[in-house]
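The values are calculated or read from the model by the stated rules, or taken from the named source; none is laboratory data. In this text the structure is predicted, and so the values were computed from the model without any measurement. Methodologically, a virtual Cβ is constructed for each residue, glycine included, from the backbone with ideal geometry; neighbour enumeration extends over all protein chains shown.
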Amino acid sequence: MASAMTPRSAQISRDTLETRIRVQLDLDGTGSARLATGVPFLDHMLDQVARHGGMDLSVSAEGDLHIDAHHTVEDIGISLGQALAAALGEKQGICRYGHAYVPLDEALSRAVVDFSGRPGLEYHVDFPRDRIGDFEVELFEEFFRGFVNHARVTLHLDTLRGRNAHHVAETLFKAFGRALRMAAEADPRMGGITPSTKGTL
C-alpha cells in the first residue's frame, strides 16, 4: 500500500554521449532540493517542484552545454520521469489524479496530472518572450515531454494569463509540483487497491 510509511524513493542514472544525469527522488520528503544541472534557471524551477511538491529531489547533470541546453534539459526530464515511475511502484492506494492552480502576481497557471500508465502531454503555455535570461523557454516543453514519456503519466499544462515570463514559468512549475503531490498522496479510502477498474496502471 502506498502511504507515508512506505518508502517511495528512487535513484536514476542516465549516461549518453551527450549527457550524464543523476537523479534521486523521495516522494515523502520535506521539500528539500540539491540541484546542479549546469542550467541555473532550470535549477530554480526544479527547486519549485521539490518545495511545493513536498518531495526531496537531487539532480546533478553534466551535458554538452557548449552546444546548447537542449539535451541536458530534455534528459533531466526523462530521468525525473523514470525516477517518479520507480518511486511510485505499483501505485496501489494512491489518489492517482492531481491538479493545481497557482498564481504569482499577474500570472496564473494550471497543471492536471493522471498517473494513468499512458504518456500524454497537452502543453498550452504562452510566454511573452523567448528567453528568460540565457534560458530558451521552448526547452520547457522538451523537459515535460521527456518527463511524461518516461513517467508514463498524462499531463495537461495551461497558462491562463501572465505578462512576465519569469512569473509564468514559476507558476507552471509550482502547479506541476502541487499536482504531483496530490496525485501521489495515499488515499485511505482505497485500502491499498489500485485506482483503476482495470486493476493496473
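Quick notes on this one:
- Conditions (1) touching a helix residue (DSSP H, G or I) at 6+ places or on another chain (Cβ under 8 Å); (2) part of a helix (DSSP H, G or I): number failed by ASP47: (1)
- Candidates ARG131, ARG178, ARG152: the one that is in contact with a His (Cβ under 8 Å, 6 or more places away or on another chain) and either modelled with pLDDT under 95 or among the charged types (D, E, K, R) (or both) is ARG178.
- Strands (runs of 3 or more DSSP E) (entirely within the stretch 61-161) containing at least 3 residues that are aliphatic (A, V, I, L, M) and out of contact with any Pro (no Cβ under 6 Å at 6 or more places or on another chain): 97-104, 107-114, 154-161
- Qualifying position, being surrounded by fewer than 21 Cβ atoms within 10 Å (Cβ to Cβ) and in contact with a strand residue (DSSP E or B) (Cβ under 8 Å, 6 or more places away or on another chain), among ARG178, ARG110: ARG110
- Test result for GLY63, of a type in the set (Gly, Ala, Ser) and within 21 Å of ASP134 (Cα to Cα): yes
- When the criteria are applied in full, ARG110 fails the requirement of being at pLDDT 95 or above, out of contact with any helix residue (DSSP H, G or I) (no Cβ under 7 Å at 6 or more places or on another chain) and more than 24 Å from ARG22 (Cα to Cα).
- Filtered residues of the stretch 58-97 (kept if in contact (Cβ under 8 Å) with a residue 60 or more places away in the chain, of a type in the set (Asp, Glu) and surrounded by fewer than 21 Cβ atoms within 10 Å (Cβ to Cβ)): ASP68, GLU90
- Test for THR171: is it of a type in the set (Ser, Thr, Tyr), modelled with pLDDT of 95 or more, in contact with a Leu (Cβ under 9 Å, 6 or more places away or on another chain) and outside any strand (DSSP E or B): yes
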